[in-house]
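First the structure, in the form of structure tokens, and then the observations on it.
No lab work stands behind these numbers, since they all come straight from the coordinates. Keep in mind that what you see is a predicted model, and the values were worked out from it rather than measured. As a convention, Cβ positions derive from the backbone with ideal geometry for all residues, glycine included, and neighbour counts pool all protein chains shown.
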Amino acid sequence: MRSACLAAVVVAGAAALTAPAEAIAAQPPEPIIAGPADDLGARIDAFVKPLLDDGILSGVLLVTRGGSVVAQRVWGMADYEHSVANTLDTRFCIASISKPITRIMLQQLVDAGELSWDAKVVQWCPQVPGADTMTLAMLRDHTSGIPHRVTEPRDETVPISAAEMVDRVATAKSLFAPGQGESYSSAGYSVLARVLEIVSGRPYDVLLQDRICNPAAMRRTAHIDHTELLPDRARSYFAGVDGPEHAPLKDTSFLVGAGSIWSTAGDLDKLCAALAAGRLPAADRTQQFLPSGDHAWTGRTNGFASYVQFLPDLDTRVIFTGNRQGGRRDLMVAIPAMLRGEPCDPPARWPKAVPVAWHVLKTFEGIYRVPNRFDLDVRLRGKTLRCQGLAMIPIGADRFFYPDRDATMRFHRDDAGAIANIGWSEAGQTWRFAKVGELR
């Protein structure tokens, strides 16, 4: 999945809007603490203190065991500009955790004999390239050849339906013939959402309520576009050189079926409880949907980051929903260790910015190519160098920290002193991305 990991960089395509300093001057509130005041709670509080001190953790953590709350924490702000704190009721975009929910609804139709995973897509969406050989299972398993993204940045700022997403898939170039490769595809799940609508005769948002939310008593979950009011909806943020910045303006409906659902940590726990009880879908299918062991449902898009872990040996679920990227990966590793009484490493601290002259930053501008994937746009806006519109934090004369990916970037020069490539280091691996052109 390394290619999918790198592909996620391009999701942040549009430029971030920097919040005025005075709008974020207020300090985030003290964490809300719920659940038993035991050793686990104390370890969680001690673990996250550096993240809170650095101001990079914002969201809700819920740990349940056997249906009871073991620990619950609320950190940070739902809206920095208006000083609105996160609460247990704050709704976050859960991004790709929408995908297993879409799969569950499809499985319900399969169990009812209305669909087959082996059915060809041509029955419902004949305009999709390769639809006559593409099965629903290929869409489910990311082997359809449909690209991850089929939208332009402007498409992602307005409401868009599943039918309109299929029309965009129809004009996109396939990555490979159906079944002949594997590449993570959110657009493929939008096609599945459209199949759901056609077979059921109802729109995706109504299906979500009827087939998932109502049976699981999930009262704070919805598929919704930006024109509709959603009480307690959080805004999302990225890290800037001087503090949080607004994430690019997005309407998540372009991720219908794949990443468009808004929910709470509490509702996600209800979803897992309903699955475990066999209410969604048939009981004998439950285990194929529940995250277990080291595997988790994860979602991240445009500043939002969430995950759901189920630890069957402990009968425990760990759920996080947030509106900033910081701390999520650390929590995913640390909380299971704490629950087992094992030691855990302290969270990685984000490096602090060092001053770099404007004229030096200007030399790093350009187009850099991720082989066989896409181009990275690196440009100076104001006093901040940005990659794909998001801030790069200078940590040396030619080195930068990229908070969106917890990555380090180093610019390398050729013998003549011109910038030749970026060394991109992430998750213990390093790639070189050659400079292929100047900014257009």
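Scan the range 383-394 for residues that are part of a strand (DSSP E or B) and touching a residue at least 40 places away in the same chain (Cβ under 8 Å) and the total you get is 7.
Residues of the range 189-214 that are free of Cβ contacts under 8 Å to residues at least 60 places away in the same chain and assigned to a helix (DSSP H, G or I): 197, 204, 205, 206, 209, 210, 213, 214. Between 91, 103, the distinction of being more than 17 Å from the chain's Cα centre (by Cα) and under 29 Å from residue 227 (Cα atoms) belongs to 103 only. Under the condition of being of a type in the set (Asp, Glu), more than 26 Å from residue 63 (Cβ to Cβ) and either touching a Pro at 6+ places or on another chain (Cβ under 9 Å) or part of a loop (DSSP other than H, G, I, E, B) (or both), the residues counted in the range 232-281 number 2.
Residue-wise test of (1) surrounded by fewer than 18 Cβ atoms within 10 Å (Cβ to Cβ); (2) in contact with a helix residue (DSSP H, G or I) (Cβ under 7 Å, 6 or more places away or on another chain); (3) among the β-branched types (Val, Ile, Thr).
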| position | (1), (2), (3) |
| --- | --- |
| 320 | no, yes, no |
| 326 | no, yes, no |
| 348 | yes, yes, no |
| 356 | no, no, yes |
| 359 | yes, no, no |
| 367 | yes, no, yes |
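Report whether or not residue 118 is without any contact (Cβ under 8 Å) to a residue 24 or more places away in the chain, charged (D, E, K, R) and touching a helix residue (DSSP H, G or I) at 6+ places or on another chain (Cβ under 8 Å). Here the answer is yes, as residue 118 does meet what is asked.
Could you tell me whether any residue of the range 107-116 is on the phi > 0 side of the Ramachandran plot and assigned to a helix (DSSP H, G or I)?
no
Taken over the range 144-171, the criterion of being among the polar types (S, T, N, Q), touching a residue at least 40 places away in the same chain (Cβ under 8 Å) and farther than 17 Å from residue 260 by Cα is satisfied by 144 alone. Each residue in the range 216-237 was checked for being crowded, with 22+ Cβ neighbours inside 10 Å and closer than 17 Å to residue 404 by Cβ, and 2 pass. Just one of the listed residues (333, 378) is of a type in the set (Val, Ile, Thr), farther than 18 Å from residue 55 by Cβ, out of contact with any helix residue (DSSP H, G or I) (no Cβ under 9 Å at 6 or more places or on another chain) and not in a helix (DSSP H, G or I), and it is 378.
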